[in-house]
Number of protein chains: 2
Amino acid sequence: MIEKKLFFDVKEDREVIKKAYERMLREKEEGITGYYDLPVNQEDVIEEINDYIHNNEYLSKNLIKDLVIIGIGGSSLGTRAIDTLLKFSHNRNIVNIHFLENLDPLYLINSIKEIDLQKAFIVIISKSGTTIETISIAKYIFWLLKDPLKGLDIEKKIAIITDKESPLDRLAKEKRWKVFYIPKNVGGRFSVLSPVGLFPLAVLGYDIKELLAGANIIREEFLNQGMDMLLFKKAYYYFKHAKEKNINILFSYSSMFEAFNKWYIQLWGESLGKKNERGERVGLTPIGLIGSIDQHSFLQLIVEGPKDKTVTFLKLKNFELPVTVPHLSLPYLETTDFVNGRRFQTIINTQCDATMESVIKADVPVDLIEINELNERSTGYLIYYFELLTSALGAMLGIDTYNQPGVEMSKMLLRQKLSK
Amino acid sequence: MIEKKLFFDVKEDREVIKKAYERMLREKEEGITGYYDLPVNQEDVIEEINDYIHNNEYLSKNLIKDLVIIGIGGSSLGTRAIDTLLKFSHNRNIVNIHFLENLDPLYLINSIKEIDLQKAFIVIISKSGTTIETISIAKYIFWLLKDPLKGLDIEKKIAIITDKESPLDRLAKEKRWKVFYIPKNVGGRFSVLSPVGLFPLAVLGYDIKELLAGANIIREEFLNQGMDMLLFKKAYYYFKHAKEKNINILFSYSSMFEAFNKWYIQLWGESLGKKNERGERVGLTPIGLIGSIDQHSFLQLIVEGPKDKTVTFLKLKNFELPVTVPHLSLPYLETTDFVNGRRFQTIINTQCDATMESVIKADVPVDLIEINELNERSTGYLIYYFELLTSALGAMLGIDTYNQPGVEMSKMLLRQKLSK
């Protein structure tokens, strides 16, 4: 389903890898983070989501036109990543999805203009329940809905996803709004396989069981093959060379990966940029590129710039859409005819191969992830793969992979400046 | 109009700055690159564009529904950047713009589905005239249009933007399609203020004279203040610390900067990632972030991760859209009430200030660009500012800022692999 290859040599230190693997098992067993077991411990959650959708005629009869996600960061990136990747599949309901996240007024107002609030289903997602962007936008939407609120049957057109006992949970209970809970020990950027992603994705029609089943395939590999997984080799290389190769590029060959890249950037950047046990500032900087577009933008820097980067190529293999470049020879443009009659997918995949070859020749460490079928199952696998890789690296770097203390000061200063 | 501040100390080496400034003047005078004078030498071009639009009833009477840009990299990033930034302004015609760039078939086919080809105006942009993505997509569109091509009045619904005498120019002349020329010495990533950007932007209704006038304000500063511009201080700092601070972040506080960030990434990455005069691989890695969204994604890495980054904050100041957070106090959520009654713009700007303060406290070099009015003039200024900064840095690094030899091998390998 998903194949992985490394194109660089790794002189492993088995002790470092063993320690990291053991720490990960400990994180899982002690519940330091809850994401490891999301693929297997959510049967109740899936039933709850499916029952809720089944019993809500707006959702089960597809009476809504717009699905509005109010949430920022880990509350929206995962859903957006998966929907952007799979949106052309047959499962997908015909519903417009809108992500309201930024307070930027022009953008916000114009995004809201595109929503038919009378025919919308609103999902408010905030782990803490007090995220300032999310609550402010929710207030604005409530204010817009104010007059016709009663006629709107709002109780059936809103759901909340938050931590149990959060202020938002309490509000929702008072208002009798549906609430789905995020496990306490699952942080925002690791939460896409919890209700944070599962509920909106189920509303969109995706098979969330398959998503979890795909994640569980690599979870099983992790538990059974353990430290022999290729993933640990790669993590070790990144760890060993973290100082001189401080930039990790994900070069995804399809525009459908645009949002997935952003999800990866949050996961990687926010998890790994930390002070380690000795108080040193460590971390690796993620960059997301789209092929072939960024061959015309960023490739030059990879090939001739400093050797401070690693590159992971992501490719959709065996993707049989029979759309071809027509057999059309244009006067003066005969030099472009070598692609005539070729499938577009063949060309973009060959672009990936050619670029990968040129990057390897430039002595940049490269690995390749090939996806054979694009569906819920392979997407779940891919999500969990990057989560595991992040955990492995975090363990090697000796940091707390799951917190984000560095963002608190900015929140505190905001409150201070605006409370005056 | 645009204010700039540095929040870090620079111990300038005036000799290095002087040498860079002199090289830039030489680049301008000798025509090594033609972008420097685009704000002042295109009166004919503007007249030609305006005349063409005036005399083409599809454009002058706004009879088209879709504007289709077929072009990749420098042929599309600039137009997209400016349109995304200004699209909510009054000047903007109600036309859907579509950028067809990636060969990714699912994405391409679904993008084309949204176009009403009978009511579309098509612009094909390729400097060389043989860009494989661009020509392949153009062929596909021609093939779709084939049957009704005559009834379509296609000659009036297509324009070509390319180098004089390129294969695409020759084809266009044979077909009697309108052609606008890119000056030979203006490369793709520096071409947005040439017809590459000017023509599509004029079709969209923007005031392209104002765009150039804005660019000319800073061009004049460059010619008059010379090496005393703050820009040279900043460039010198980046140059001096290029090895240990190899990552330059542009943190733009509005979702409307999404495409502008991508334009910056191409400009910076492709210009500065090079082998220098001594054959050493040099370069600086650009990253684009959007505030406040990426406070929830990347900020942690900036604040607690390695000190390998500089950050430029970009902020829309005095931006008076009177949309406020309603005076709505929700039970249990009273801690979020400190923003009630505040304008959204005030909150996002204060988020920018707060984040900037926290990044400065984390000992990361920060500078700030504040835009007082968002319009064609300030946008032109901003574009030219980043182009100058890129040239200054390229001069200091001792590289050819305007070529991209590193991307050739991947093109050659593609041809080799597909010609079999």
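Filter the trypsin sites (Lys or Arg not before Pro) in the range B:3-62 down to the DSSP loop ones having no more than 15 other Cβ atoms within 10 Å, then list what survives.
On the way: sites: B:K4, B:K5, B:K11, B:R14, B:K18, B:K19, B:R23, B:R26, B:K28, B:K61; in loops: B:K11, B:K61.
Within the range B:3-62, the qualifying trypsin sites (Lys or Arg not before Pro) (loop, at most 15 other Cβ atoms within 10 Å) are B:K11, B:K61.
Could you run the Debye sum over the Cα atoms of the range B:133-246, one equal point scatterer each and no solvent, and tell me log10 of I(q)/I(0) at q = 0.13, 0.14, 0.19, 0.22 Å⁻¹, two decimals?
One equal scatterer on each Cα of the range B:133-246 leads to -0.74, -0.80, -1.11, -1.28.
Summarise the partner chain shielding of A:399-410 as one whole number: the mean count of Cβ atoms from other chains within 10 Å of each residue's Cβ.
Details: counts 2, 0, 0, 0, 1, 7, 3, 10, 11, 3, 9, 15.
What the average comes to for A:399-410 is 5.
Between A:L223 and A:E3, take the C-beta separation as r, use R0 = 25 Å, and let me know the FRET efficiency to the nearest 0.05.
Values: r = 20 Å, r/R0 = 0.82.
For A:L223 and A:E3, the calculated efficiency is 0.75.
In the protein assembly as shown, what percentage of the DSSP-assigned beta bridges are antiparallel, given to the nearest 5?
Rounded to the nearest five, the antiparallel share is 20 percent.
What are the trypsin sites (Lys or Arg not before Pro) within the range A:221-328 that DSSP puts in a loop, where the Cβ has at most 13 other Cβ atoms within 10 Å?
Sites meeting the loop and neighbour criteria: A:K243, A:R278.
Quick check on chain A: helices-only [θ] at 222 nm, where DSSP H runs of length 4 and up contribute -39,500 (n - 2.57) each and the sum goes over total residues. Nearest 500, please. Walk me through the numbers before you get to the answer.
Working: 15 runs with 185 residues, N = 420.
Computed ellipticity for chain A at 222 nm equals -14000 deg cm²/dmol.
When the Cα centres of the range A:277-321 and the range A:188-225 are compared, how far apart do they sit, in Å?
25 Å
How much of the calculated P(r) for the protein assembly as shown lies past 35 Å, in percent of all Cα pairs?
On the way: 171798 of 352380 pairs.
Cα-Cα pairs of the protein assembly as shown separated by over 35 Å account for 49 percent.
Roughly how crowded by other chains is peptide A:92-102, in terms of the mean Cβ count from those chains within 10 Å of each of its Cβ atoms? List each step's numbers first, then the result.
Working: counts 0, 0, 0, 0, 0, 0, 0, 1, 0, 5, 12.
So the per-residue partner count for this stretch is 2.
Along the charge dipole of chain B, pointing to its positive end and built from +1/-1 on Cβ of Lys, Arg, Asp and Glu, which listed residue (B:I348, B:S166, B:N372) has its Cα farthest out?
Selected residue: B:S166.
Return the whole-Å distance between the Cα centroid of the range B:31-49 and the Cα centroid of the range A:12-78.
Spelled out, the Cα-based centre of one part sits 54 Å from the other.
How are the Cα pair distances of the range B:270-346 distributed, in percent, across 10 Å bins from 0?
Going out from 0 Å in 10 Å bins, the range B:270-346 shows 14, 26, 28, 18, 8, 6, 1 percent.
If you take the square roots of the eigenvalues of the alpha-carbon gyration tensor of the range B:52-111 and sort them as a ≥ b ≥ c, do you get rounded (a/c under 1.5), prolate (a/b over b/c) or oblate? Don't jump to the answer; show the numbers that get you there.
On the way: a/c = 1.99, a/b = 1.51, b/c = 1.32.
Cα axes put the range B:52-111 in the prolate bin.
What list of ³J(HN,Hα) couplings, whole Hz, do you get for the range A:296-302 from phi and the Karplus terms 6.51, -1.76, 1.60, once you set θ to phi - 60° and write x for glycine and proline?
Going residue by residue, I get 8, 9, 10, 4, 3, 5, 5 Hz, with x marking Gly and Pro.
Stokes-Einstein diffusion coefficient for the range A:100-168 at 25 °C in a medium of 0.890 mPa s, Rh from the Kirkwood formula over Cα pairs: what value in µm²/s?
Working: Rh = 12.8 Å.
Roughly 191 µm²/s, to the nearest whole number.
Search the structure for amide H atoms under 5 Å from the amide H of B:L152, placed 1.01 Å from N in the peptide plane, and list their residues when 5 or more places away or on another chain.
Result for B:L152 returns nothing.
Scan the range A:119-216 for trypsin sites (Lys or Arg not before Pro) in coil per DSSP, keeping those whose Cβ has at most 13 other Cβ atoms within 10 Å, and list them by number. Don't skip to the end; give the middle numbers.
On the way: sites: A:K119, A:K127, A:K139, A:K146, A:K150, A:K156, A:K157, A:K164, A:R170, A:K173, A:K175, A:R176, A:K178, A:K184, A:R189, A:K209; in loops: A:K127, A:K146, A:K150, A:K157, A:K164, A:R176, A:K184.
Those that pass, being in a loop and sparsely packed, are A:K146, A:K150, A:K164, A:R176, A:K184.
Once the label point is set 7 Å along the Cα-to-beta-carbon vector, what list of distances in nm do you get between B:D37 and its counterparts in the other copies?
Result for B:D37, in nm, nearest copy first: 7.2.
Take A:S378, A:S419 and order them by how many other Cβ atoms sit within 10 Å, fewest up front. Working shown, then result.
Numbers: A:S378 21, A:S419 9.
Least crowded to most crowded, the residues run A:S419, A:S378.
Normalised by the number of residues in the range A:288-348, what is the relative contact order in percent for Cα pairs under 8 Å and 6+ residues apart? Don't skip to the answer; put the middle values down first.
Values: 31 pairs, mean separation 19.1, N = 61.
Once normalised by length, the contact order is 31 percent.
Amide H neighbours of A:N403 under 5 Å, counting only residues 5+ apart in sequence or on other chains, H built in-plane at 1.01 Å?
Distant-sequence amide H within range of A:N403: zero hits.
If each label sits 7 angstrom from Cα along the C-beta direction, how far apart, in nm, is B:K146 from its counterparts in the other copies?
6.0
Which of the lysines could a cross-linker bridge to B:K146, judged by Cα under 21 Å and excluding same-chain residues fewer than eight apart?
Filter leaves B:K65, B:K113, B:K119, B:K156, B:K157, B:K173, B:K175, B:K178.
Looking only at chain B, where both bridge partners belong to it, what percent of the DSSP beta bridges are antiparallel (to the nearest 5)?
Values: 8 of 44 bridges.
Approximately 20 percent, going by the DSSP bridge assignments.
In the P(r) worked out for the range A:31-182, what percent of Cα pairs fall beyond 22 Å? Before the final figure, lay out each step's value.
On the way: 4870 of 11476 pairs.
So the portion of pairs separated by more than 22 Å is 42 percent.
May I ask for the equivalent-ellipsoid semi-axes of the range B:224-268, computed as the square root of five times each C-alpha gyration tensor eigenvalue and listed largest first in whole Å?
Details: eigenvalues 105, 52, 16 Å².
One finds semi-axes of 23, 16, 9 Å for the range B:224-268.
Test of understanding: given chain A, find the longest segment containing no GluC sites (Glu not before Pro) that are in a DSSP loop and have at most 16 other Cβ atoms within 10 Å.
On the way: sites that count: A:E12, A:E30, A:E114, A:E165, A:E244, A:E277, A:E280, A:E320, A:E373.
The longest such stretch corresponds to A:31-113.
Quick one: dipole size for the protein assembly as shown, taken about the Cα centre, charges +1 on Lys/Arg Cβ and -1 on Asp/Glu Cβ, in debye to the nearest 20.
Result for the protein assembly as shown is approximately 200 debye, rounded to the nearest 20.
Just checking the output field for A:72-83: average partner chain Cβ neighbours within 10 Å of each residue's Cβ?
2
Determine the relative contact order of chain A: mean sequence separation of Cα pairs under 8 Å and six or more apart, normalised by residue count, in whole percent.
On the way: 677 pairs, mean separation 96.3, N = 420.
Normalised by residue count, the contact order of chain A is 23 percent.
Charges only on Cβ, +1 for Lys and Arg, -1 for Asp and Glu: so what's the dipole of the range B:35-206 about the Cα centre, in debye to the nearest 20?
Numbers: 21 positive and 21 negative charges, 73 e Å.
The calculated dipole for the range B:35-206 is roughly 360 debye.
Compute the projected area of the convex hull of the Cα atoms of the range B:192-304, averaged over all viewing directions, and report it in nm² to one decimal place.
Working: hull surface 38.0 nm².
Mean projected area for the range B:192-304: 9.5 nm², to one decimal.
What is the order of A:H90, A:H241, fewest Cβ neighbours within 10 Å to most?
Fewest to most other Cβ atoms nearby, the residues stand as A:H90, A:H241.
Could you give the size of the charge dipole of chain B about its Cα centre, using +1 on the Cβ of each K and R and -1 on the Cβ of each D and E, expressed in debye and rounded to the nearest 20?
1180 debye
Ranked by Cβ crowding within 10 angstrom, fewest neighbours first, how are A:T401, A:T310, B:T162 ordered? Mind dumping the intermediate values first?
Details: A:T401 25, A:T310 22, B:T162 29.
Ranked by crowding around the Cβ, least crowded first: A:T310, A:T401, B:T162.
Enumerate the amide H contacts of A:L289 below 5 Å, restricted to partners 5 or more residues apart or on another chain; note that Pro and chain-start residues carry no placed amide H.
Under 5 Å from the amide H of A:L289 lie the amide H atoms of A:L250, A:F251, A:S252, each far enough along the sequence or on another chain.
For B:E334, place a label point 7 Å from Cα along the Cα-to-Cβ direction in every copy; what are the distances to the other copies, in nm, shortest first?
8.2
Plugging the Kirkwood radius over Cα pairs into Stokes-Einstein for chain B, at a temperature of 4 °C and a viscosity of 1.567 mPa s, what D comes out in µm²/s?
Details: Rh = 23.0 Å.
My calculation gives 56 µm²/s for D.
We did not get these values from a lab; they are worked out from the coordinates using the rules stated. Just so you know, these numbers come straight off a predicted model, no measurement behind them. Cβ: placed from backbone, ideal geometry, glycine included. Neighbour counts: every protein chain shown.
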